[in-house]
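Student: For reference, the structure I am asking about is given below.
The values are calculated or read from the model by the stated rules, or taken from the named source; none is laboratory data. Predicted model, so just to flag it, every value in this text is computed and none were measured. In this analysis, Cβ positions are derived from the backbone assuming ideal geometry, glycine residues included, and neighbour counts consider all displayed protein chains. SASA here: full protein model, heavy atoms, side chains in, ligands and nucleic acids out. Shrake-Rupley method; radii C 1.70, N 1.55, O 1.52, S 1.80 Å.
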Amino acid sequence: MHKGAAQVDAATPADRDRAVDALRAFAILGIVLGHWLVTALVAHDGSLRAASPLQHMPWLAPISWAFQTLAVFFLVGGHVATRGYASARARGTTYGQWLSARLSRLFKPVAAVLTLWTVAAVALLLTGAEFGTVRTLVKLALSPLWFLVVFAVLTAATPLLTRLNPLWPLAVVLHVDLLRFGLGGPSWLGWVNVAAGWLVPYTLGAAWTRGELDRRRAGWILLTGGAAATAALIAWAGYPASMVGVPGAGISNLNPPTLAAVTFGLAQCGLALLLRDPLRRTMRRPLTWAAVALVNLSAMTIFLWHQTALMATTATTLLAGHLPGLHTRPDNLTWIAYRCAWLPVFALALTACWTAFRAYEQPSGRRRRPRPRPSRVIRSHRHSRTPQTKAPHRA
């Protein structure tokens, strides 16, 4: 293990900012753990229905503050995309070539998820599974795809966003919420915030590329200002405390994003910027860096299959009865304790999914490239030297 980690460390370019990879890995793992903790599939009368412990225990809302890390992912995504596009232009790469490469890496793993769940849904319906159960499972399995669509749109618009001030999309979110909640505007207006809300951290990533966020002061302003604004919106403006959707709630901070979700994201981005230097020091350790590198190489596979791992565990263990923390109502602390005990099982199921489907994200990882054979020039050169090296020995 130490030898392999040392090899990964040695193979990493010296100028690579490892803090960027660490933040991306943190964001992905935060989303995965958050879903595993707050997503419940309750078995009742032979069917499965989605539920959440936040629905029955709203005082657990701070859990969502720790694991709703989408803003950090969009921050890193904006930084990497704008930096990569600038490098591509310097090399003479066209916009179409650059975008095709980016979207190919993003959407290749999606094909496997769509294929498997299409086949699984048809098979379940043909074998008599209840339509509501199948709909619940498919909805949970494919729910991560909305995020990829938004991310792909922002990636495609990167050349237009390299100089956009984050205050502009923030102003759009503010006015949309004023119209929706303050003036009684139509609820569909909130979907404007799907683009505008995630534009805020994405354009912050572009500002990072421009060097405007290098000073620690910028991180502190975002952290304190975003946290204060979020607290005020929750305390006095009636926004929900949970930063994820809760079944049955009148307002969701995430679906579509609200002003509270965006200001909370600003605080997260500020904290991420402040952690850059400590992360760079931590990533000098070969074992830690190797783990982060592995997560980054399989980021889309982990993200796309983590809900499938949860549902596969839930469905296969249903034969053993209604197990606590897995098939029971998430309405007490005992359920939380049991759910935490199930997390290693979810991780094991996700490892199986990763083993089966990681090739869609890293096709070259499953087959070893053949070693190039030496050219005829090299072979003839070696043959011409052989008699000269052996002559003194014979003498």
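Student: Considering only residues that are in contact with a helix residue (DSSP H, G or I) (Cβ under 9 Å, 6 or more places away or on another chain) and without any contact (Cβ under 8 Å) to a residue 40 or more places away in the chain, which ones fall in the stretch 211-230?
Tutor: Just the residues of the stretch 211-230 that are in contact with a helix residue (DSSP H, G or I) (Cβ under 9 Å, 6 or more places away or on another chain), to begin with: 212-214, 216, 218-230.
The answer is GLU212, ASP214, ALA228, ALA229, THR230.
Student: Which condition does PRO247 not pass, out of (1) farther than 28 Å from THR82 by Cβ; (2) exposed (fewer than 15 other Cβ atoms within 10 Å of the Cβ); (3) without any contact (Cβ under 8 Å) to a residue 40 or more places away in the chain, if it passes all the others?
Tutor: Among (1) farther than 28 Å from THR82 by Cβ; (2) exposed (fewer than 15 other Cβ atoms within 10 Å of the Cβ); (3) without any contact (Cβ under 8 Å) to a residue 40 or more places away in the chain, PRO247 violates only (3).
Student: Could you grab the pairs with beta carbons closer than 6 Å, sequence gap of 6+ or different chains, first residue in the stretch 337-359 and without any contact (Cβ under 8 Å) to a residue 24 or more places away in the chain and under 15 Å from VAL295 (Cα atoms), second one open to solvent by 40 Å² or more (accessible area, probe 1.4 Å) and not in a helix (DSSP H, G or I)?
Tutor: Qualifying pairs under 6 Å: ALA359/ARG366.
Student: Another question, then. Restricting to the stretch 294-309, and then to whatever is within 24 Å of LEU124 (Cβ to Cβ) and not hydroxyl-bearing (Ser, Thr, Tyr), can you tell me which residue is surrounded by the fewest Cβ atoms within 10 Å (Cβ to Cβ)? I'd like the intermediate steps shown before the answer.
Tutor: Taking the stretch 294-309 first, the residues within 24 Å of LEU124 (Cβ to Cβ) are 301, 303-309.
Within this subset, residues satisfying the condition of being not hydroxyl-bearing (Ser, Thr, Tyr) are 303-307, 309.
Details: PHE303: 20, LEU304: 23, TRP305: 27, HIS306: 26, GLN307: 23, ALA309: 22.
Checked the stretch 294-309; the qualifying residue surrounded by the fewest Cβ atoms within 10 Å (Cβ to Cβ) is PHE303.
Student: Can you name the condition, by its number, that CYS353 falls short on among (1) under 18 Å from the mean Cα position of the chain (by Cα); (2) crowded, with 20+ Cβ neighbours inside 10 Å; (3) closer than 30 Å to TRP220 by Cβ?
Tutor: (3)
Student: Continuing with the same structure: Among helices (runs of 4 or more DSSP H) lying entirely in the stretch 256-306, which contain 2 or more residues that are farther than 25 Å from ALA6 by Cβ?
Tutor: Passing ranges, in order: 259-274.
Student: Since VAL176 meets every condition but one in (1) modelled with pLDDT of 90 or more; (2) open to solvent by less than 20 Å² (accessible area, probe 1.4 Å); (3) under 23 Å from the mean Cα position of the chain (by Cα); (4) of a type outside the set (S, T, N, Q), which condition does it not meet?
Tutor: Among (1) modelled with pLDDT of 90 or more; (2) open to solvent by less than 20 Å² (accessible area, probe 1.4 Å); (3) under 23 Å from the mean Cα position of the chain (by Cα); (4) of a type outside the set (S, T, N, Q), VAL176 violates only (3).
Student: A further question follows. Out of all the residues in the stretch 50-63, is one or more over 20 Å from the mean Cα position of the chain (by Cα), closer than 23 Å to TYR338 by Cβ and assigned to a strand (DSSP E or B)?
Tutor: yes
Student: Within the stretch 310-322, is there a residue that is crowded, with 19+ Cβ neighbours inside 10 Å and farther than 17 Å from ALA40 by Cβ?
Tutor: For the stretch 310-322, residues crowded, with 19+ Cβ neighbours inside 10 Å and farther than 17 Å from ALA40 by Cβ: absent.
Student: Name every residue in the stretch 181-193 that is in contact with a Lys or Arg (Cβ under 7 Å, 6 or more places away or on another chain) and either part of a loop (DSSP other than H, G, I, E, B) or open to solvent by less than 10 Å² (accessible area, probe 1.4 Å) (or both), in order of residue number. Walk me through it before giving the result.
Tutor: Just the residues of the stretch 181-193 that are in contact with a Lys or Arg (Cβ under 7 Å, 6 or more places away or on another chain), to begin with: 187, 189-190.
Of everything in the stretch 181-193, just one residue is in contact with a Lys or Arg (Cβ under 7 Å, 6 or more places away or on another chain) and either part of a loop (DSSP other than H, G, I, E, B) or open to solvent by less than 10 Å² (accessible area, probe 1.4 Å) (or both), namely GLY190.
Student: Right, here's the next one. Determine which single condition LEU326 fails, assuming it passes every other condition in (1) open to solvent by less than 40 Å² (accessible area, probe 1.4 Å); (2) assigned to a helix (DSSP H, G or I); (3) out of contact with any Gly (no Cβ under 8 Å at 6 or more places or on another chain).
Tutor: Only one criterion is unmet by LEU326, namely (2).
Student: Still on this structure: Considering only residues of the stretch 329-343 that are assigned to a helix (DSSP H, G or I) and not aromatic (Phe, Trp, Tyr), which is most open to solvent (accessible area, probe 1.4 Å)?
Tutor: Within the stretch 329-343, the first condition is being assigned to a helix (DSSP H, G or I), and the residues that meet it are 333-343.
Narrowing further to those that are not aromatic (Phe, Trp, Tyr): 333-334, 336-337, 339-341, 343.
Working: LEU333: 106, THR334: 82, ILE336: 38, ALA337: 64, ARG339: 2, CYS340: 65, ALA341: 68, LEU343: 36 Å².
Top of the filtered list is LEU333.
Student: Another question, if that's okay. Pick from SER380, SER375, SER384, SER364: which is modelled with pLDDT under 50, within 31 Å of the chain's Cα centre (by Cα) and over 24 Å from SER143 (Cβ atoms)?
Tutor: Details: SER380 fails: within 31 Å of the chain's Cα centre (by Cα); SER375 fails: within 31 Å of the chain's Cα centre (by Cα); SER384 fails: within 31 Å of the chain's Cα centre (by Cα).
Checking each option against the conditions leaves just SER364.
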